[in-house]
Structure formats: structure tokens, C-alpha cells
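Notes follow the structure.
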Amino acid sequence: MIEDRRNVNSLKMDNYTEACATEPPNLDLMLIVYVRIPIMTLSTLTLLFTAISMIVLNRTRHTPKTARFLASGLLFFDLGTTLTFTVRKLVTNPDINRYLNIFGVGWSLLAYLNIGVMCVERLLVFQWPNFYLRSVTFQKVRIVCLCLWLTFFLAWVLSTGRCLFVYCTDAADQCFNDTIVLFIMVVCPTSVFVSSTCLMKIATLIKKQQAKFQNSPSAIKNHKSTFVVFLCFLNYVVTSLIYSIMASTVKSNFQRRIYMDGLMTINALLDSCVYVLWYKECRLELVKILAKAIPSLNSRIEKMKISIFDIPTASNSA
């Protein structure tokens, strides 16, 4: 009887050791070259454009400092997501590949979190303008954001790190998946709910303002920063809906990863386009950068300066 129990325990231990020794498959290696090249090309272009967008945004002077900081945070998280997923496709080691994927998802969730912060900040501007002007300084916003981002980062690292140290390889993979799903189910709906609530309240306040002043400019022209936040929020809502549909219809982990990478890459590209194409001063800074390689654009720069900053000239002052 004792011998039989020893044999059973030995067999269980052998199975456990064998399971723990099994490395998880590297899904990125399943990509054929004809799919890998277009994806890598799009990711590289998105990385370049997002980096340029951050540069031109922070070179502007008329964009509010707080709005510029929050927008830079969003673009930085987009950049981190795209960069991590891009590098992951070049890594053959399954363990490192898995960790890069976890960090990439973490960056994308930080972007969702940042959208919620941006919407709350906009609501404070409209709902309590006097309080905002007196009490909400750039330094306070930066401290609150840094604390929030750091808290999420620590929670993410501790939760995913627990899977690495507590479980063997196969069990750790399941733990990673469960942890990722848990964070997604908490962060994404919460961010969408908070953001949509804030934006609906802002829309109501703007509508009341428009009713008081019949000849006032359109809401879009009069509240450019808020409209940009709305566009970014809409971008993330559409991304969430598409991914939710895919998660429930696509059964293959390999296909879901490809779709997820493509969605987040396009998401980052659209965020960058919103800021660069919407703000005139961002377009000016972009043209300045391009003018270093294309000197003929210098004449266009002067015209853009006159238009953006209302610089008086001899022709329009006559």
C-alpha cells in the first residue's frame, strides 16, 4: 500500500516536472513572411509618426501646458505599446516574447487610464471653472497623474510577477491570461464609463452656453482641446468594441494576437493624427521639421505663421 502511494506520488511529480519544462509556443514565429513584412512596416511608420507627434506637440507654445502634458502621456503610452509589440515580433525566445507581450498590454491599459484622466480634467474646466483656475495647477495635475500611473504600474508588475514566481511555466501562462483579462475587464469599462459620463456632462454645459450666446462661435472651434479629447475617446471606444467582438468570435490565440497588434497600431496612428492634423501650431512645427529636408517649404512656414499668430503685414494693415 505504501509502495503504491509512492509510485503514484512519483508519477504525479514526473508529470508536474514535465509540464513545467514545456515552454509556451511563440505565436509570433507562426507569422509568415508575407504577413510579417506589412505589419512591421506599418508598426515602424507608426512609431516614427508618434515620436514626431510628441516632438511637435511639445514645441508648441499656445497649447495649454496641462493639455500638452496629458496628450504627451497618451502619445507616450501609444508609443510604448507599439514599440513593445514590434520588438516582440523579433524575439524568438518564448519567455522574453511573453514578457514583452505583458508589458505591451500594460502600456495599452495605461493609455485607457489616461483617456479617463483627460476627460475628468476637461469636466473640471467646464463644471467648476473658478475652482480650476484657483486650485488646479499644472504641478498638481502632474503629481496626481504620476502617482496614478505609478500605482497602476506597480499593481500590474506585482500581479503578473506573482504568476512567474508562484507557478510553473504552463500554470504561469494561464495565470498571466487570467490576470490580463481581469485588468482589461476592470480598466477598460471603468475608463469608458468615467469618460463617457464626463463628456456627456460637458456636452450639456456647452449646449447651455451656446443657447445663451446665439452669435458665439461653433462648439468645435471654441473648445478645440475638449473636442480633441472626445476624438481620442471615440477612437478607444471603437477599438474596444472591435476587440470585444473579435474576442468572442475568434477562437485562435494566434489570430487574436495579430488583430490586437493591428488594432493598437492603428489606434496609436489615429491618436497622433488627431493632434498633428487638428492643431494648426502642431502642423506648423511639423512643416518646420520637414523644411530641414525640403527647403522649399520655408515660404509656406511664413504664411502659416501669419495665419496662426495673426501677424500684421503691410498688405493687411493698409
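For the range 121-142, a residue qualifies if it is part of a helix (DSSP H, G or I), of a type in the set (A, V, I, L, M, F, W, C) and open to solvent by 70 Å² or more (accessible area, probe 1.4 Å), and the qualifying residues are PHE131, LEU133.
With respect to the conditions (1) over 30 Å from LEU158 (Cα atoms); (2) at pLDDT 90 or above, LYS224 lacks only one, and its number is (2). Per this entry, VAL194 is counted among residues that are at pLDDT 90 or above, open to solvent by less than 60 Å² (accessible area, probe 1.4 Å) and under 23 Å from the mean Cα position of the chain (by Cα).
From the list LEU70, LEU45, LEU27, exactly one residue is within 25 Å of THR92 (Cβ to Cβ) and modelled with pLDDT of 90 or more. Which is it? The match here is LEU45. Contact map, the range 81-100: residues that are under 15 Å from ILE258 (Cβ atoms) paired with residues that are in a loop (DSSP other than H, G, I, E, B), Cβ distance under 8 Å, separation 6+ or inter-chain. Pairs shown: LYS89/LEU31; ASN97/ASN26; ASN97/VAL91. Within the range 108-120, the set of residues being more than 14 Å from the chain's Cα centre (by Cα) and buried (at least 22 other Cβ atoms within 10 Å of the Cβ) comprises CYS119 only. Screening the candidates PHE85, PHE69, PHE77 for the property of being part of a helix (DSSP H, G or I), of a type in the set (A, V, I, L, M, F, W, C) and in contact with a Gly (Cβ under 7 Å, 6 or more places away or on another chain) yields one hit, PHE85. Six or more apart or on different chains, Cβ atoms under 7 Å: show the pairs whose first residue is in the range 275-286 and farther than 11 Å from THR63 by Cα and whose second is in a loop (DSSP other than H, G, I, E, B). Every condition considered, the pairs that remain are GLU285/ARG59; GLU285/THR60. Which condition does ALA172 not pass, out of (1) open to solvent by 20 Å² or more (accessible area, probe 1.4 Å); (2) at pLDDT below 75, if it passes all the others? Of (1) open to solvent by 20 Å² or more (accessible area, probe 1.4 Å); (2) at pLDDT below 75, only one is false for ALA172: (1). Of everything in the range 79-107 that is under 23 Å from PHE152 (Cβ atoms) and of a type in the set (D, E, K, R), the residue that is most open to solvent (accessible area, probe 1.4 Å) is ARG98.
The values are calculated or read from the model by the stated rules, or taken from the named source; none is laboratory data. It should be emphasised that the depicted structure is a prediction, and the values quoted were computed from it without experimental measurement. Cβ: placed from backbone, ideal geometry, glycine included. Neighbour counts: every protein chain shown. Ligands, DNA and RNA are stripped out before the accessible areas are found, and what is left, the full protein with its side chains, is counted by its heavy atoms. Shrake-Rupley method; radii C 1.70, N 1.55, O 1.52, S 1.80 Å.
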